[in-house]
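The values are calculated or read from the model by the stated rules, or taken from the named source; none is laboratory data. Everything numeric here is computed off the predicted structure, so don't read it as measured data. For neighbour counting, all protein chains shown are included, and Cβ atoms are generated from backbone atoms with ideal geometry for every residue, glycine included.
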Amino acid sequence: MTSRSTALLPSTERSLLHRLAVAQSEGRAPSVVAGVARDGEPVWTGARASAGPVGAAPGPDTQYRIGSITKTFTAVLVMRLRDEGLLDLGDPVERHLPGTGMGEVTIAQLLGHSAGLSAETPPPWWERTPGTLRPGLADVLGGPSRPHPAGRRHHYSNPGYTVLGSLVEAVRGASWEEVLRSEILEPLSLARTSAQPLAPYATGWAVHPWADVLLPEPIEDLGLMAPAGQLWSTVADLCRFAVFLAEGDKRVLSPASVREMATPAAPAESGEWESTYGLGVQIVRRDGRTLVGHTGSLPGFLAGLWVSAADGIAAVALANATSGPFPAAVAADLVGIVATAEPRLPGPWQPLPEVDQELLALTGPWYWGTQSFALRLLADRGLELQPLRGAGRGARFVVGEDGGWIGQEGYFAGEPLRVVHREDGSVRHLDLGSFIFTREPYEPDAGVPGGVDSEGWRGVRG
C-alpha cells in the first residue's frame with residue numbers, strides 16, 4: 001500500500017497516531033479511523049477503538065456514515081452536467097426542474113449555499129426520521145418563503161442539495177444513486193462507498209455528556225434528502241476521492257472544473273474570513289495553508305476530509321460518535337503534521353525544450369507608471385508578471401484563443417494581456433486590461449493615457 005518513494009518517516013507516523021489517539025481518548029469516541037494520501041498515493045492509515053464490540057477494530061475499509069461529504073459528490077454530478085452542455089450554472093433551477101417555486105434562484109447559488117433557502121427541512125428533524133415523511137420537494141422546502149434574498153449571503157442549506165439531487169435525476173432520467181454509481185463511484189473505483197451500509201460498517205453511537213455510557217443512534221434512509229447526507233464510505237475510498245478533488249480525473253471531471261469547484265462562490269459570514277464555500281466544497285485557511293474538502297455529521301457519525309493541493313497532501317478522519325472527537329479538526333491536523341515534518345520537495349529545475357525568440361524579447365522589466373514589474377516566460381508560452389518591489393498586482397497568463405494572453409488569478413483573472421506594436425513592427429507597449437506597461441517609466445511615444453509632459457523628468461530646487 002505504501003510505496004518506497006512516498007513512505008512516511010517513522011517519526012511522522014508516530015505523530016499521526018498520537019493525534020488520532022488523543023482525538024479518540026479526549027473525544028470519548030467508540031472508534032476513530034483516519035488516513036493520509038500524499039502525491040496521489042495512500043501513505044498512512046491508523047485507528048483507535050474502545051475495547052470490545054462497541055468500537056471493534058475498524059480498518060481502512062470499514063464503512064462509516066459521512067454525512068454532508070455527500071454534498072461534494074452531488075456537486076460533482078451537477079458540474080458534469082454543466083461540462084456536457086446540458087445546463088449552465090447561471091440557469092434558474094426552474095428551467096430544468098419546474099414546480100419548485102424558486103423563481104430566479106440559480107444552480108450556482110444552490111451549489112454555493114447562497115440561494116437564501118432554509119438550513120433545514122420543516123420538522124421533524126430530517127436526520128433522525130425516515131425519508132418517507134418527506135415524499136416530495138414541497139415537503140422538503142416547506143413553502144415558497146425564504147429566510148434570505150437569493151445571492152446576498154452564504155446560508156448553509158441541506159434542502160438546497162436535495163433540490164440539486166432532484167435536478168440530476170430530472171436531467172439524467174435516472175435516480176441520484178444510479179447516476180452517482182455509474183459516473184463517480186465506478187470510474188474512481190470507490191467500491192466501498194454506498195447509499196446503504198455494507199459490512200463491515202461501524203455502529204453509530206451517542207455518548208452521554210456526563211458519563212461514559214452509550215446510546216445507539218437510529219439509521220434512517222433519508223429518501224429525497226439523500227443527496228445532502230446519505231452516503232457511507234471508508235477511509236480508503238475517501239482518500240481516493242480526496243486525490244480526485246486535488247487533481248481531477250478526465251473520466252469524471254476535468255482538473256479545470258475541479259479547480260472551479262474550489263473557488264469561493266459566496267461571501268463568507270461576518271467574522272469567518274478564514275472559511276468560505278465554493279461549489280460543493282468548503283474552503284478554509286489553517287496554519288497558513290488553504291484546505292479544500294468537506295465536513296460531515298449525522299446522528300452517530302462525524303467525518304472530515306481535507307486536501308492541501310499546494311502540499312500534495314490529503315487526510316480523512318471518521319468517527320462513530322454523535323459529538324466529541326471532531327474529525328474535521330483531526331484531518332486538518334494530519335495534513336499539517338505531514339506538511340510540516342516532511343515538506344514537499346520542489347521538482348528539479350528544467351530548461352524549456354524550445355523558445356520563441358519574440359516572446360523571449362518581451363521578458364524583463366516593464367513599468368506601469370513608475371512601478372516596476374518583471375515579465376517572465378513560462379512553459380507552454382505562458383507569461384508571469386510580478387512587481388519587482390513592494391506590494392502590487394501580479395498574475396500568470398496563458399495563451400487565449402485569439403493568440404493573446406488571459407490572466408489566471410487575482411485582480412487580473414480573466415483579463416486580457418496584449419502586445420501592441422508600432423508600425424515598424426517593434427513593441428510599443430503591453431496593454432493589460434487598459435493598463436499600459438512600457439519599457440521605461442512614462443515612455444513618451446508608448447501611448448500612455450493622458451500623455452507625457454514634453455519637458456520630461458526634472459529635479460526641483462529648494
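Quick notes on this one:
- The number of residues in segment 120-170 being under 15 Å from Gly223 (Cα atoms) and among the hydroxyl-bearing types (Ser, Thr, Tyr) comes to 6.
- Any chance Ser182 is within 28 Å of the chain's Cα centre (by Cα) and surrounded by fewer than 15 Cβ atoms within 10 Å (Cβ to Cβ): yes
- Residue within segment 33-41 that is surrounded by 20 or more Cβ atoms within 10 Å (Cβ to Cβ), more than 25 Å from Arg65 (Cβ to Cβ) and either assigned by TED's automatic domain parsing to the domain that holds Ile313 or at pLDDT below 95 (or both) present: yes
- Checking each residue in segment 267-284 for being surrounded by fewer than 15 Cβ atoms within 10 Å (Cβ to Cβ) and either of a type in the set (Phe, Trp, Tyr) or at pLDDT 95 or above (or both) picks out only Trp273.
- Among the residues making up segment 118-137, those that are of a type outside the set (Gly, Ala, Ser) and assigned to a loop (DSSP other than H, G, I, E, B) are Glu120, Thr121, Pro122, Pro123, Pro124, Trp125, Thr129, Pro130, Arg134, Pro135.
- Every residue from segment 161-188 that is free of Cβ contacts under 8 Å to residues at least 60 places away in the same chain and among the small types (Gly, Ala, Ser): Gly173, Ala174, Ser175, Ser182
- Counting only strands (runs of 3 or more DSSP E) wholly contained in segment 215-311, the ones carrying 2 or more residues that are touching a helix residue (DSSP H, G or I) at 6+ places or on another chain (Cβ under 8 Å) occupy 282-286, 289-298, 301-308.
- Filter result (hydroxyl-bearing (Ser, Thr, Tyr) and not in a loop (DSSP other than H, G, I, E, B)) within segment 27-57: Ser31, Thr45
- Residue count for segment 248-258, restricted to those that are crowded, with 16+ Cβ neighbours inside 10 Å and under 14 Å from the mean Cα position of the chain (by Cα): 4.
- Glu384 being at pLDDT below 90 and not hydrophobic (A, V, I, L, M, F, W, C): no
- Restricted to helices (runs of 4 or more DSSP H) entirely inside segment 58-117, those with at least 1 residues that are more than 22 Å from the chain's Cα centre (by Cα) and buried (at least 19 other Cβ atoms within 10 Å of the Cβ) are 93-96.
- Exactly one residue out of Gly40, Gly67 is touching an Asp or Glu at 6+ places or on another chain (Cβ under 9 Å) and under 24 Å from Leu141 (Cβ atoms): that is Gly67.
- Between Thr6, Thr74, Thr100, Thr106, the distinction of being modelled with pLDDT under 95 and under 24 Å from Val292 (Cβ atoms) belongs to Thr6 only.
- Residues in segment 383-391 include at least one that is basic (Lys, Arg) and under 14 Å from Thr370 (Cα atoms).
- Filtered residues of segment 138-148 (kept if in a loop (DSSP other than H, G, I, E, B) and either more than 25 Å from the chain's Cα centre (by Cα) or surrounded by 19 or more Cβ atoms within 10 Å (Cβ to Cβ) (or both)): Gly142, Gly143, Pro144, Ser145, Arg146, Pro147
- Matching entry among Ala317, Ala329, Ala341 (being surrounded by 21 or more Cβ atoms within 10 Å (Cβ to Cβ) and at pLDDT 95 or above): Ala317
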